[in-house]
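Below: the structure, in structure tokens.
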Amino acid sequence: MTNANDLFAATPVTRFPIAGSDQTFPVRRVYCIGRNYAAHAIEMGFDPEKEPPFFFQKNPDNITFGDFPYPVQSDDVHFEIELVVALHKGGTDIAVADALDHVFGYAVGLDMTRRDLQGEAKTLGRPWEIGKSFEKSAPCGPLVPASQIGHPDHGAIWLKVNDEIKQEGDLNQMIWKVPEMIATLSRYFTLAPGDVIMTGTPAGVGPITRGDVMAGHVAGVGDLTVKVV
Ligand code: MN
């Protein structure tokens with residue numbers, strides 16, 4: 001969108017391609033849930049029984065559809081394979097029973113994390129952005145409309161690095177289900193069309209290095225291959 005009075009050209013909106021369509025999905029906000037699979041919460045040193053859901057955000061322009069450039073200021077960058085939910089309707093105080101009506105579709109995504117910087121932030125009680133919300137930190141595949149695939153709530157979610165399986169779980173292991181995440185977020189924020197939610201990662205997170213190839217899969221949604229450059 002250009003405006004003659006703008007001091008400089010506005011940053012272009014990030015847009016998901018939509019599988020099998022010429023239409024695109026313009027992104028507004030990117031919400032992420034933390035520790036949403038019990039086995040991952042345990043591997044990060046937490047008790048999944050004792051936590052209400054909690055969220056952080058990435059920036060819309062952190063979403064990328066190509067290679068993942070190894071970021072600056074970290075020597076311990078981790079992969080997190082996730083189901084991504086994309087909303088085409090917004091609102092506040094959305095009921096769990098109505099939540100899925102707000103979902104346009106789903107994608108396979110990676111919540112790339114500068115684990116060393118996130119760890120420091122946790123220790124010091126600081127925000128997570130420095131570990132989570134950096135350039136190209138959310139490689140994603142195309143959106144697949146729910147009108148074609150329904151609303152996946154079970155089935156395999158896995159990630160291989162260089163053909164070796166690293167993460168393996170099932171969507172049915174999510175502690176907070178997609179409708180609960182939407183309902184909860186809508187009590188704290190005004191959701192809107194274009195909002196996306198990264199729904200957490202199963203156990204097995206670990207580091208990557210330049211040259212690695214990450215290959216992820218989410219049952220019912222598809223596959224995502226991303227090279228670390
Ligand atoms: Mn994550």
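The values are calculated or read from the model by the stated rules, or taken from the named source; none is laboratory data. Small disclaimer: the values here were computed from a predicted structure and weren't measured. Neighbour counts run over all protein chains shown; Cβ positions are idealised from the backbone, glycine included. With ligands, DNA and RNA removed, areas are computed over all heavy atoms of the protein, side chains included. Shrake-Rupley method; radii C 1.70, N 1.55, O 1.52, S 1.80 Å.
Key figures
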| quantity | calculated |
| --- | --- |
| Residue order for His217, His154, His102, His88 - accessible surface, 1.4 angstrom probe, largest first | His154, His88, His217, His102 |
| Size of segment 1-96 as Cα extents on the principal axes (Å, biggest first) | 53, 42, 33 |
| Among Gly105, Gly20, Gly91, residue whose mean-square fluctuation peaks in a GNM of the chain (springs only between Cα atoms under 10 Å) | Gly20 |
| Å² of accessible area per residue within the chain, as computed with a 1.4 Å probe and no ligands counted | 48 |
| Most mobile listed residue (Ile18, Ile149, Ile33) in the chain, GNM with C-alpha springs under 10 Å | Ile149 |
| Estimated distance in nm for a label pair at Asp61 and Val96, the labels positioned 7 Å out from Cα along Cα-to-Cβ | 3.9 |
| Whole-Hz ³J(HN,Hα) from phi, Karplus 6.51 cos²θ - 1.76 cosθ + 1.60, for segment 37-51, glycine and proline x | 10, 4, 5, 6, 4, 5, 5, 8, x, 10, 9, x, 6, 9, 10 |
| Debye-sum result for the chain in log10 I(q)/I(0), which assumes one identical scatterer on each alpha carbon, at q = 0.11 Å⁻¹ | -0.52 |
| Whole-Hz couplings from phi, Karplus 6.51/-1.76/1.60, listed for segment 217-229; x for Gly and Pro | 8, 10, 4, x, 10, x, 10, 9, 10, 9, 9, 8, 10 |
| Accessible-area composition of segment 128-203, carbon plus sulfur, in percent [1.4 Å probe] | 51 |
| Separation of the Phe8 and Asp170 label points, Cα + 7 Å toward Cβ, nm | 5.1 |
